[in-house]
Amino acid sequence: MEIDIESPHSAAWPGIIQRYKRYLPVTADTPVITLLEGNTPLIPAVSLPRLFGVDIELYFKFEGMNPTGSFKDRGMTLAISKAAEEGAEIVVCASTGNTSASAAAYASRAGMISTVLIPRGNIAQGKLAQAMMHGAVVVQIDGNFDDCLRLVRALAEERPVAIVNSINPYRIEGQKTGSFEICQQLGGRPPDYHVLPVGNAGNITAYWKGYREFFYNGLIDRLPRMIGFQAAGSAPIVRGMRIDKPETVATAIKIGDPASWKSAVAARDESGGLIEEVTDDEITHAQKLLASYEGVFAEPASAASVAGVAKLSRKGFFPKGACVVCILTGHGLKDPERAIAIAEAPARSSANIHAVLDLLDRAVEARKRHSNP
Ligand code: AN7
């Protein structure tokens, strides 16, 4: 029997285009190129609010559970589907890693050629592996992300290619579905605070658009405050000026001149929110806390949102009982080198039961002391 994925009785998730087509710029003629992205878990925190000393209802929207391991798939399914509808043969993007992984995957499904420009030596291994495996033409640029994006814009003037960066409006349209899911997962309400990392600023733009659409359609009766965090060495929006040499361990958001700068500021101001910065140390600490107390492994850029919640908690920012959703934009497995660099090194033992027991007994004792200070 064939499963009718459009049937309201079907439990099968059809991907974000089929699920939310009435809110998206698609028609019956749009070919749907999907890996069944979306429907990611909204995981309630079990430990971090207590650890941060606050009484809030905290959730993690784990976008690392998308097919290529990041939120980019929501926008990419639509951007590639529309490119296919328009007859594009070649798609191109600049990327700090996740966009290139997603573009390469969806383009391969659509039978298109993808070309990705990445800052040489500055993208996480997992992301590079993905772009290579999906058969993208991978070009490592001697420059940063901002240089890559500038080159992509220039390239599109010279060749008939479709740009699938978030300057492509279909990317924003697809990504706004993250807001729809959150409202539905919270039982028909938005969070009070929506916290996320900000790099090129497409995502904060998209989420804000999604919430506003649900609000104007009467599906929710209020709007959240949008709270963005940039890495301190790459915080152009916070500082109010372009950063020529952005620096941060969170390579995904190592961006000095965000394309959606203006709409990010609009999302902040219209929602009564904030865009602030967190240091690399705060990001690293938050990434470890998230993994070791919540069982959720997110990449460094994603942990910027959790570092931000910790920072605002210290300042007494959140009212008691506030509902806070943190977007965990990418999976921790994307950047194994960074994880191995910051986590405790594995122990080594001879292949002897006494040696193993001795080692384990000491390690377990140390863990117990650590968790009961
Ligand atoms: C994990 O892949 O810009 O503010 O080229 O990969 O919408 O840019 C990635 C960005 C946050 C920032 N978290 O989102 C790219 C790219 C992760 C990311 C961001 C990115 P935007």
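Brief remarks follow.
- Ordered by the number of other Cβ atoms lying within 10 Å of each residue's own Cβ, fewest first, TRP13, TRP261, TRP208 fall into the sequence TRP13, TRP261, TRP208.
- The residues neighbouring ALA347, those whose beta-carbon lies less than 13 Å from its own, together hold a net charge of 0 under the Lys/Arg +1, Asp/Glu -1 convention.
- When ASP335, ASP269, ASP29 are sorted by how many other C-beta atoms sit within 10 angstrom of their C-beta, beginning with the fewest, the order is ASP29, ASP269, ASP335.
- Computed over the chain: relative contact order in percent, which uses C-alpha pairs under 8 Å that are six or more apart: 18 percent
- Above 13 Å, the calculated P(r) of the stretch 205-270 contains 66 percent of its Cα-Cα pairs.
- Cα gyration tensor shape of the stretch 1-128, rounded if a/c is under 1.5, else prolate or oblate by comparing a/b with b/c: oblate
- When +1 charges are put on Lys and Arg Cβ atoms and -1 charges on Asp and Glu Cβ atoms, the dipole computed for the chain relative to its Cα centre reaches about 660 debye.
- Only beta bridges with both residues in the chain are counted; by DSSP, about 15 percent of them are antiparallel.
- The calculated 222 nm mean residue ellipticity attributable to helices in the chain amounts to -13000 deg cm²/dmol, summing -39500 (n - 2.57) over DSSP H runs of n ≥ 4 and dividing by all residues.
- As a rough footprinting exposure proxy, the listed residues GLU57, GLU282 were ranked by other beta carbons within 10 Å of their own, and the order from fewest upward is GLU57, GLU282.
- Taking 25 Å as the limit for the C-alpha separation, the pairs LYS72/LYS209; LYS262/LYS334; LYS21/LYS61; LYS82/LYS254 exceed it in the case of LYS262/LYS334; LYS82/LYS254.
- Square roots of 5 times each gyration tensor eigenvalue, C-alpha, the stretch 241-373, largest first, Å: 37, 19, 11
- The protection proxy used here, the mean number of other Cβ atoms lying within 10 Å of each residue, ranks peptides 222-230, 186-194 as follows, highest first: 222-230, 186-194.
- Burial ranking of peptide ranges 274-281, 303-310 (average Cβ count within 10 Å, highest at the top): 303-310, 274-281
- Nearby lysines by direct alpha-carbon distance to LYS320 (threshold 20 angstrom, same-chain neighbours under 8 apart not counted): LYS311
- Diagonalising the gyration tensor over the Cα atoms of the chain and scaling each eigenvalue by 5 before taking the square root yields semi-axes of 33, 25, 22 Å, largest first.
- Alpha-carbon centroid distance for the pair the stretch 262-279 / the stretch 290-340, whole angstrom: 18 Å
Every number here is computed from the coordinates shown, using simple stated rules; none is lab data. Quantities reported herein were computed from a predicted structural model and do not represent experimental measurements. Ideal geometry is used to build each Cβ from the backbone, glycine not excepted, and the neighbour counts take in all protein chains shown.
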